[in-house]
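Chemist: Take a look at the following structure, please.
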Amino acid sequence: MPGCQQNHGLVKKNMRLPVKKAIWEQSQKYDCFYLYDEQRINAHLEQLKADFESIEFFYSIKANRAKGILRNIFSRGFGADAASLNEVNMANSLNVSASRIQYSAPGKQVADIRGALGIATIIADSIEEIRLIDKIAGEENRHVETGVRINPNFTFTDSTGNPSKFGIDEDQILAFLRNRESLHNLEIVGIHVHLRSQELQADILGSYYEKMYRLACSVQEATGDKLKFINMGSGLGIPYSTRALPLDTRKLGRTIAELATRFYRELNGTRIILETGRFLVGESGYYVTHVLDRKESMGKKFIILKNTLNGFLRPCIAQLITRYASNENLAGSEPLFTGNDCFQFIPLSDSTERETVSLVGNLCTAMDIVAEDIEMPRLKIGDVVAITNAGSYGAVLSPMQFSSQQPPAQLMLASDNTVVDADA
């Protein structure tokens, strides 16, 4: 894999010494674990606050639901993007107000809607769901303010939309609103759109935000009422590859400020919300595992690690896709696959001897491979390997029941450099 040695060196330079120390100390206690760097999370959080004026940010709980991470982020004024009633309840239990929890997911059941009423803003995903929320609100003698998720007539880069399982087609919702169908217990006060994750180009995101402002004006014209919020979804990417440039959030913040000035008359007083997606937590996490064994088969060297596919799935997915795909420039399919060079493997080893190896796991499946034919220092049994970019869509996606192995611990290096249970 060309460039792996160079990537490895760049990542080591970026690892804070307290992180390296914590990884080493905790590796004496655990066979495998996640370590989340709270200082790194807080730096990204403060970056967003500084670069975007008058914008609300909602943390996407599905990226990482560890209680310590949620508690820290919500205590600093961020709202919650919830994709299930359980996630609504997580945010509510941490004292996030109903106006700062938005519950958006397709296929909500009656119990989901009843459970979320009063503690979250429900984002209706279909015309039928609008009617169902109105019916349930009437049965509970409530007046409910909701948003609607829209599948717009545009994408990030095109003026034509695509079919989607998410939301209501723009033409359908505008027709519904213009027809003024009788809703006795429900008022639509906001819109939500989410089209793509992991975008690193500020110009592309800026163009998308302008389309969102125009869509909001069309919805207001159809309803005859001013919208209370526009949730533009996420899209904020992180540089997984060491060759990628980070998103210019300062430039993007200026773009949103300019749009607010241009659309001031139409949207003055409307809350503008961005979902953080993986931006806050993705780069904060390391997945740490031990070398269990090493072997050579027909001239190829294998390093067997503890809990890879079932501990941190995403590097295995990347290997699986690139092994069978003929196209070298593969499009991402979030949140399972971003690209083929998104993880770096950092050995805690003083060995000066180097070798080409494949890093594999201890599961009874040939697909348990996290890296193939990469150059590493010579690893011995008991050595420790840390994998980067494990802070988002790591533990939450990995099939930890597979093979009935002991699941990895989840730890957090707190801002005072103490290590705590991230899920406590």
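The values are calculated or read from the model by the stated rules, or taken from the named source; none is laboratory data. Small disclaimer: the values here were computed from a predicted structure and weren't measured. Every residue, glycine among them, receives a Cβ derived from its backbone with ideal geometry; neighbour counts consider all protein chains shown. We work out accessible area using only protein heavy atoms, side chains counted, and drop any ligands, DNA or RNA first. Shrake-Rupley method; radii C 1.70, N 1.55, O 1.52, S 1.80 Å.
Chemist: Taking all protein chains as present, what is the carbon and sulfur share of the accessible area of the chain, in % to the nearest whole number, probe 1.4 Å?
Modeler: 48
Chemist: Given a cut-off of under 8 Å on Cα pairs at least six residues apart, what relative contact order in percent is computed for the chain?
Modeler: Across the chain, relative contact order equals 22 percent.
Chemist: Given H placed 1.01 Å from N in the peptide plane, which residues other than close sequence neighbours of R294 have an amide H under 5 Å from its amide H?
Modeler: Here I304 satisfy the definition.
Chemist: Separate question: Return the long-range amide H neighbours of N151 (sequence gap of 5 or more, or a different chain), with a cut-off of under 5 Å between placed amide H atoms.
Modeler: I168, D169, E170
Chemist: Shifting gears a bit: Using every Cα-Cα pair within segment 331-424, state what percent have a distance larger than 18 Å.
Modeler: Working: 2652 of 4371 pairs.
The calculated P(r) of segment 331-424 puts 61 percent of pairs beyond 18 Å.
Chemist: Compute the accessible area per residue over the chain, keeping the other protein chains in place, probe 1.4 Å, unit Å².
Modeler: Ligands and nucleic acids excluded, the figure is 45 Å² per residue.
Chemist: Each residue of segment 269-286 in order: what ³J(HN,Hα) in whole Hz does its phi give by Karplus 6.51 cos²θ - 1.76 cosθ + 1.60, θ = phi - 60°, with x for Gly and Pro?
Modeler: x, 7, 5, 9, 10, 10, 8, 7, x, 8, 4, 6, 10, x, 7, 7, x, 10
Chemist: Of the options N162, V288, M232, report the single residue whose Cα projects farthest towards the positive end of the charge dipole of segment 153-289 (beta-carbon charges: Lys, Arg +1; Asp, Glu -1).
Modeler: V288
Chemist: Starting at the first residue of segment 399-413, write each ³J(HN,Hα) from the Karplus equation 6.51 cos²θ - 1.76 cosθ + 1.60 with θ = phi - 60°, in whole Hz, x for Gly and Pro.
Modeler: x, 6, 7, 5, 6, 6, 7, 5, x, x, 6, 10, 10, 10, 7
Chemist: Holding the Cα-Cα limit at 30 Å, pick out from K29/K108; K21/K300; K20/K295; K49/K306; K135/K165 the pairs that are longer than that.
Modeler: Working: K29/K108 42 Å; K21/K300 32 Å; K20/K295 28 Å; K49/K306 39 Å; K135/K165 23 Å.
Long pairs (Cα-Cα over 30 Å): K29/K108; K21/K300; K49/K306.
Chemist: If each residue of separation counts as 0.36 nm, what is the full-extension length gain between N185 and A366 once their alpha-carbon separation is subtracted? Provide the component values of the computation, followed by the final result.
Modeler: Values: separation 181, 0.36 × 181 = 65.16 nm, distance 5.54 nm.
Taking 0.36 nm per residue and subtracting the Cα distance, the gain is 59.6 nm.
Chemist: Hey, can you list the DSSP H helices of the chain whose Cα span along the axis is 27 Å or longer and whose average Kyte-Doolittle score is at least -1.0?
Modeler: Membrane-span-like by this criterion, though nothing is claimed about a membrane: 202-223.
Chemist: Using 0.36 nm per residue, how much length does the chain from D203 to L320 gain when fully extended, once their Cα-Cα distance is taken away? Don't skip to the answer; put the middle values down first.
Modeler: Values: separation 117, 0.36 × 117 = 42.12 nm, distance 3.22 nm.
Here the answer is 38.9 nm.
Chemist: Taking H placed 1.01 Å from N in the peptide plane, check which residues at least 5 places from Q201 or on another chain put their amide H under 5 Å from its amide H.
Modeler: It is none; the list stays empty.
Chemist: Of (i) 17; (ii) 34; (iii) 29, which one was derived for percent of Cα pairs over 37 Å apart from the structure shown?
Modeler: (iii)
Chemist: Here's something else I'd like to know. Consider a paramagnetic label point 7 Å from the Cα of S297 along Cα→Cβ; state which residues of segment 337-379 have an amide N under 18 Å from it.
Modeler: Those under the cut-off are 356-374.
Chemist: Normalised by the residues of segment 338-417, what does the relative contact order come to in percent, with Cα pairs under 8 Å and at least six apart?
Modeler: 32
Chemist: From the phi angles alone, apply the Karplus equation (6.51, -1.76, 1.60; θ = phi - 60°) to segment 57-62 and give each ³J(HN,Hα) in whole Hz, x where the residue is Gly or Pro.
Modeler: 10, 10, 7, 7, 4, 5
Chemist: If DNA, RNA and ligands are ignored and the probe is 1.4 Å, what is the ranking of S75, S234 by accessible area, most exposed first?
Modeler: Final ranking, largest accessible area leading: S75, S234.
Chemist: If you average the C-alpha positions of segment 47-107 and of segment 359-398 separately, how far apart do those two centres end up, in angstrom?
Modeler: Here the two parts' Cα centres lie 30 Å apart.
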